1. Given a Förster radius of 30 Å and the C-beta distance between residue 147 and residue 68 as r, what FRET efficiency does 1/(1 + (r/R0)^6) yield to the nearest 0.05?
2. What percent does the relative contact order of the chain come to when contacts are Cα pairs within less than 8 Å and at least six residues apart?
3. Okay, helix-only estimate at 222 nm for the chain: each DSSP H run of n ≥ 4 adds -39500 (n - 2.57), divide by all residues, round to 500 deg cm²/dmol; what do you get?
4. Within a 10 angstrom radius of the beta carbon, how do 165, 206 rank from fewest other beta carbons to most?
5. At 20 °C and 1.002 mPa s, what whole-number value in µm²/s does Stokes-Einstein give for the translational diffusion of the chain, with Rh from the Kirkwood sum over Cα pairs?
6. Obtain the nm distance between the two label points defined at residue 19 and residue 40 by a simple spin-label model: each point lies 7 Å from its Cα along the Cα-to-C-beta direction.
7. Please tell me the relative contact order of the range 21-84 in percent, rounded to the nearest whole number, where contacts are Cα pairs under 8 Å and at least six residues apart.
8. Given a Förster distance of 25 angstrom, what is the FRET efficiency for residue 190 paired with residue 99, based on the Cβ-Cβ distance and rounded to 0.05?
């Protein structure tokens, strides 16, 4: 007996997409509804996706404090800006913006983790002390979003090897990993050192200024 596997993405009779002018240039914004979590994720798309070269892609997890409030505790806002600018400079690419706040633990737990970090706990141990994984994110939905856009071969802007490994597992060919170093400063240096030392993020001592 065959088992019916529900789709990850809910199809819309009328796609939720529109033109999105930004300070970096114009994108097309498209919303994808994830059935399992009932979250709406976003793809910012520039250009034609059927070119001969791998598509430049940034997978960016939601960070209210960094993306919207310009927090200096992380490098998220500057990374998003740099990714948007780079895709505009190249002329085509995709940013997948995931509703996975706080590496997947949610906004409330993330701020609780910030409180522990203020007391001297590092970013990974703060999550663990609260009973959460160090990184709870899963990127299967990203693979589905990219495939729905006609994207199967990518150059991925990331410092996180887990993104490369997961997307490869879910059927996306990652031709190249491109470093995305932006926004490193005194307020987030220890945070990024922890990500490099404990979470395998590929950020050099030279980049960190250590």
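1. Result of the calculation: an efficiency of 0.55.
2. Normalised by residue count, the contact order of the chain is 20 percent.
3. Rounded to the nearest 500, it is -9500 deg cm²/dmol.
4. 206, 165
5. Taking Rh from Cα pairs, D becomes 119 µm²/s.
6. Those two pseudo-labels are separated by 2.1 nm.
7. Across the range 21-84, relative contact order equals 20 percent.
8. 0.40
Rule-based calculations on the coordinates, nothing more; no lab input. Quick caveat: nothing in here was measured; it's all calculated off a predicted structure. Please note: Cβ atoms are built from the backbone with ideal geometry, for glycine as well, and neighbour counts cover all protein chains shown.
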